[in-house]
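Down below is the structure, laid out as structure tokens.
Every number in this text was worked out from the coordinates using simple rules, so none of it is lab data. Note that the structure is a prediction, hence the values are computed from the model and not measured. Please note: Cβ atoms are built from the backbone with ideal geometry, for glycine as well, and neighbour counts cover all protein chains shown.
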Amino acid sequence: MKPFAIWFIGRRVGVREPACALALVLTVIFNVAAVTPAWPMAPPALTPAPPDSSGLVSGTGSSYWGMIPAPMDSSTAVFDNRGRKAWEWPLAVPYSAINLVLRGIRVGTAVGVLWVKDWGVWRYVSILPIPQGFTPGVDYSALEGFGLTVSYQNRLGSPNNPFRLRGYYSMEGWQKYTLGFMFNQNGKTNLQVGFGYRLRPKLSFCGIGPNSRGDHESFYEDERAWGGANLRYWIAENTFISFLGAFSSIAARDPDTSADTTTIADIPGGTPPGFEERSDGVMLRFASVYNTAKNLGNPDRGTILGGTIGGFVSTNSADAEFLAYRLEFQKFFPLWHHRRVLAVRAYMNWIDELGDTTVPFQRMFINEMPDQFRGFDESRWRDLGITGITLEYRFPLMAIKPNSGFGIDTIFLADIGQVFDDLDQIKRDNLTQSYGFGFRTYITPNFLGTMEFVWSDEGFQFRLSTRQLFQFSKDVLYQGREETIIH
């Protein structure tokens, strides 16, 4: 448009046509020359630098995109087909063998879940007539067999005032019924009230002390009832103190089973104190807990430190009095990759008898929840004290979603511990070892249950459980966990 504008202006001011034509031609020539390179145009000279002492060329000159930078000293080449070094094979072979099995399980589980989803099985399960608030569960151990748990949870007016009713019955006749209330659950101060009854018609007894023998196993019936209240006060964001008062009654007697069952009277060592008697009494206890593990079911980091001291006074003819102490440490370490966690729990519990009284054997510590040596029958070990370390390495097997929803973790586990009467008895020769693997299920952030395969020097144990050894004792009365209040 510019040349024609010059022509038009020239004509308007009276310039003659030849002059206007010359101006038009010159304008066109200069505008075209400004945007057109000379022809032919020689390419720029490429002058790569000579190689240095290492043989690398420090730059290759210019290119279409600009100058190519010189290679850095840290530039290296890594080849995927590099052979393994000799020291890697002893580690790579067992790792690959185990990893192959786990990958197969993971793929099979994922395919199964996808098949269930594609065929709409969840849709049919969701229309089952299960009232809101009801939760079923399945447990299994060698002594109790398969058991079914049904719990019902609701609230009293406010959401901060929940209550929970729970019932359990197993194929071997084990029973447990609990009722728990919590008031002002999310407040700085809250109150728990709980009641319960439990019957174990065939509980194991192999003697007292770390040197008791498994081949001296006998059985007795354990019946217990309890009720109490626990006041908890948060003194800091992650720390609370609590005061508990509870009454409990425990009876120990011969089992009401067939005549071929070995009873306590049939094994060496005589009858333990409290057998064929009922131990009634009141426990008053103070506890302090520091807890930074926020996730209730599957934490990947955090620390739990807890300590309790309690006093028990008998209210019947047994006339037993003692002090009970509990110390506990839990730590969750994230390892190497996302959601790979090493869970560590260490604990020590012991009883000090007061005066000349004797602690009934049914109130001694045994290897039950949460201090369970999982490679042995429940109550295989018993004494005035118990100590141990529990290790679990957890890593994801499958998950519907990476950070939420339903998931399954694989665990490798180990339990090391013993019972004792005196601290001098804690030694390597008296320690028990259990080791194995299993699977943990959860719906983030809540724990659902475990399946465990565990070995010890006394055999193999298979367990299904809706309770876990970690993060166990926070709401003992509300959850109906009497193991930590009877001694």
Ordered by packing density, taken as the mean number of other Cβ atoms within 10 Å over each peptide's residues, highest first, how do 422-430, 192-200 rank?
192-200, 422-430
Determine the shape class of region 130-484: with a ≥ b ≥ c the square roots of the Cα gyration tensor eigenvalues, call it rounded for a/c under 1.5, and otherwise prolate if a/b is greater than b/c, oblate otherwise.
rounded
Sequence ranges 358-369, 298-309, ranked by mean other-Cβ count within 10 angstrom, highest first
358-369, 298-309
Suppose each label sits 7 Å from its Cα in the direction of the beta carbon; what would the residue 457-residue 165 distance come out to in nanometres?
4.9
Hand me the GluC sites (Glu not before Pro) from region 158-254 located in a DSSP loop with no more than 11 other Cβ atoms within 10 Å, in residue order please.
237
Using a 10 Å cut-off around each Cβ, can you sort 85, 202 from fewest to most neighbouring Cβ atoms?
85, 202
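Rank-order 277-285, 152-160 by packing density, defined as the average count of other C-beta atoms within 10 Å over each peptide's residues, highest first.
277-285, 152-160
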Within region 358-394, find all residues whose amide N lies under 12 Å from a label point positioned 7 Å from the Cα of residue 426 along Cα-to-beta-carbon.
385-389
Cross-link list 188/294; 294/331; 176/331: which exceed 22 angstrom alpha carbon to alpha carbon?
176/331
Net charge over other residues, Cβ less than 9 angstrom from the Cβ of residue 388 (K, R count +1; D, E count -1):
-1
What does the C-alpha gyration tensor say about the overall shape of region 340-485? Classify as rounded when a/c is under 1.5, otherwise prolate if a/b is larger than b/c, or oblate.
prolate
Which order do 487, 337 fall in if you start with the one that has the fewest other Cβ atoms within 10 Å?
337, 487
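Going by the alpha-carbon gyration tensor, a ≥ b ≥ c the square roots of its eigenvalues, is region 230-355 rounded (a/c under 1.5) or, if a/c is not under 1.5, prolate (a/b greater than b/c) versus oblate?
Judged from the Cα gyration tensor, region 230-355 comes out oblate (a/c at least 1.5, b/c at or above a/b).
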Just rank 466, 239, fewest to most, by other beta-carbon atoms within 10 angstrom.
239, 466
